[in-house]
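Have a look at the structure below before the remarks.
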Amino acid sequence: MTETMTICKNPRHFFRHPSIYPSGFTLIDTMIAVLIIGIIGMTALPKISDFLTDRRLSAACSLVMAGLEYASALSIRYQRPFSMSTDTTIKQFQVKDTAPYPDSSAVVRTGNAPPVNAEDVVFNPVADQWYATRLDQMPGLEEIQISSIPADITFYPDGHSGEFDSLLIVALGSMSKTIRVDSISSRVSID
């Protein structure tokens, strides 16, 4: 019996045997991939955390700015002063009518335009509730800190908001944003 020998024409495959070199990933390959993913994760995690903190700060600033702009618009529309009052201990701000018309009702003065409650807080027709916002009761904004200089920012019918610019500082951890109300034009901006 004669045996025929097959000669491999590709020299790279001459010494390879399928059982010695299995296809797939080895343990070293997998460990290197996990290491690379870990390094990428460690560099990206602080940036993601800062991004989420900034988004929460922006949401709180939007709520505060909406209250300020609403009080300013009401003062021009109804030709009397309106204010936004800030209580830093309970993280709350309210839009108030500083000169409501007298009404016999002690709970809600519906004859007033816009309607106000017994504490002179204005009714918010969009949210269908009184314009009193507590940041510590809103999901995701519980840790937000708010401070205002002065505590009450009053807007007048001629468009100004006082003798000096007003500042509201909204902070979360080490990050903060400053909301400025221009005293002459009542323009609200974030610094």
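No lab work stands behind these numbers, since they all come straight from the coordinates. Computed from a predicted structure; not experimentally measured. For neighbour counting, all protein chains shown are included, and Cβ atoms are generated from backbone atoms with ideal geometry for every residue, glycine included.
Would you please classify the overall shape of the range 60-102 from the alpha carbon gyration tensor, given that a ≥ b ≥ c denote the square roots of the eigenvalues, rounded means a/c under 1.5, and beyond that prolate means a/b larger than b/c while oblate covers the rest?
oblate
Give me the net charge of ASP182's neighbourhood, meaning all other residues with Cβ under 13 Å from the Cβ of ASP182; Lys, Arg count +1, Asp, Glu -1.
-2
How do 71-83, 41-53, 167-179 rank on mean C-beta neighbours within 10 Å, highest first?
So the peptides 71-83, 41-53, 167-179, ranked by packing, come out 71-83, 167-179, 41-53.
For the range 43-177, what class follows from the C-alpha gyration tensor (a ≥ b ≥ c being the square roots of its eigenvalues): rounded when a/c is under 1.5, otherwise prolate if a/b is larger than b/c, else oblate?
Note, shape of the range 43-177 comes out prolate.
Give a residue-ordered list of calculated ³J(HN,Hα) values for the range 58-71 (Karplus: 6.51 cos²θ - 1.76 cosθ + 1.60, θ = phi - 60°; whole Hz; x for Gly, Pro).
So the Karplus estimates, Gly and Pro as x, are 5, 5, 5, 5, 4, 5, 5, 5, 4, x, 5, 5, 5, 4 Hz.
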